[in-house]
Amino acid sequence: MAEFGFNEHHQNEAINYMRFARSKRIIRLKTIDSCFEDLKDSRLVEETFTVDEVRDMLDGLQLVVRGEVETELINTAHTNVLLLRQLFSQAEKFYLRLQTDISELENRELLEQVAEFENTEFKNPNKTNQEISKPKLAPLNEGGVSELLNKEISRLQEENNKLKGRLRTLETQAMGALDEKTRAERALKDLQKVKGEQQMATHSQEITSLEDTVAALQEDYQKSLSVNAASQRDLQDNLVSAKHDLLRVQEQLSLAEKELDRKFQQTSAYRNMKEILTKKNEQIKDIRKRLSK
């Protein structure tokens, strides 16, 4: 069996199976021979037979031989299934999946090699009758598939540990980026709050000043009404003018507020903070994509 790449142990297992199959085949051939002998002894007792009698004897012999051959073929097939069952059961203990090539069962070249090996192995009659030990299927040793499985498991565990370390690194980077984003957002809110407070203080001062001006005008108007009725029209005009000035000042305040907001957005601090937030958002998006992968 050296042509098939078998080691000594597997070669002995193959010889055991061939010896078993050979013994079953010899027994079945003897049974078929006995069928013919029984026919000779039981039916061939006369010197002449008719065609119908000969046909009847051959039909009966055909049924008997057919039954013997069919029984042997069925038994051989079932025996092969039991042999495969032993091999598959042992393989499944080590999480292996054996595969068979049915087309190789009809390979004439291989069949001739097996026949030649059988003739060589059982050519000596004394060797045929020798009984060798038939151990049960034993687990594979540590130098075979088990060692390969252990190496593969170790490799997968090492790769898994590396992936876990990389994941922890990415999580740390993500948390750092989130902290930086939070600090940047807090700083931006503080800047906006300071800006709003400054604007509110400026507006309050201007409004207070305008209110004082209007109050003074109203007071002057009341005094003017009591002192001189002739100057009432002038005071009313002054009041209307003052209201117009108040509206104009409020409009100027609104424009000034917009201009202040525009100038604040053009400051380097605002642009730098906005660029930082933009970069951090992009980093967080990139890290999330990497984490999802």
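The values are calculated or read from the model by the stated rules, or taken from the named source; none is laboratory data. Quick caveat: nothing in here was measured; it's all calculated off a predicted structure. Please note: Cβ atoms are built from the backbone with ideal geometry, for glycine as well, and neighbour counts cover all protein chains shown. Note: accessible area is taken over every heavy atom of the protein model, side chains too, but ligands, DNA and RNA are not part of it. Shrake-Rupley method; radii C 1.70, N 1.55, O 1.52, S 1.80 Å.
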Name the single residue, out of those in segment 57-110 being of a type in the set (Lys, Arg) and part of a helix (DSSP H, G or I), that is farthest from Phe36 (Cα to Cα). Lys93
In segment 172-195, the residues that are basic (Lys, Arg), more than 18 Å from Asp286 (Cβ to Cβ) and either touching a residue at least 12 places away in the same chain (Cβ under 8 Å) or touching a strand residue (DSSP E or B) at 6+ places or on another chain (Cβ under 9 Å) (or both): Lys195
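Within 23 Å of Glu112 (Cα to Cα), free of Cβ contacts under 8 Å to residues at least 60 places away in the same chain and not β-branched (Val, Ile, Thr), is that true of Ser34?
When the stated conditions are applied, Ser34 does not pass them.
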Which listed residue is farther than 30 Å from Lys123 by Cβ and at pLDDT below 85, from Glu104, Glu8, Glu46: Glu46
Does segment 156-206 hold any residues that are within 30 Å of Val249 (Cβ to Cβ) and aliphatic (A, V, I, L, M), and which are they? Leu191, Val194, Met200, Ala201
Residue that is in contact with a helix residue (DSSP H, G or I) (Cβ under 7 Å, 6 or more places away or on another chain), in a helix (DSSP H, G or I) and over 30 Å from Lys279 (Cα atoms), where the choices are His203, His244: His203
Looking at the structure I just gave you, is Arg248 touching a residue at least 24 places away in the same chain (Cβ under 8 Å) and open to solvent by 100 Å² or more (accessible area, probe 1.4 Å)? no
Which of the residues belonging to segment 67-96 are among the β-branched types (Val, Ile, Thr) and surrounded by fewer than 13 Cβ atoms within 10 Å (Cβ to Cβ)? Thr71, Ile74, Val81
Residues in segment 266-291 that are in contact with a helix residue (DSSP H, G or I) (Cβ under 9 Å, 6 or more places away or on another chain), of a type in the set (S, T, N, Q) and either open to solvent by 80 Å² or more (accessible area, probe 1.4 Å) or more than 30 Å from Ala174 (Cβ to Cβ) (or both): how many? 1
Is it the case that some residue within segment 265-275 is farther than 18 Å from Ile207 by Cβ, out of contact with any Lys or Arg (no Cβ under 9 Å at 6 or more places or on another chain) and of a type in the set (A, V, I, L, M, F, W, C)? yes
Count of segment 3-51 residues which are among the aromatic types (Phe, Trp, Tyr) and in a helix (DSSP H, G or I): 4
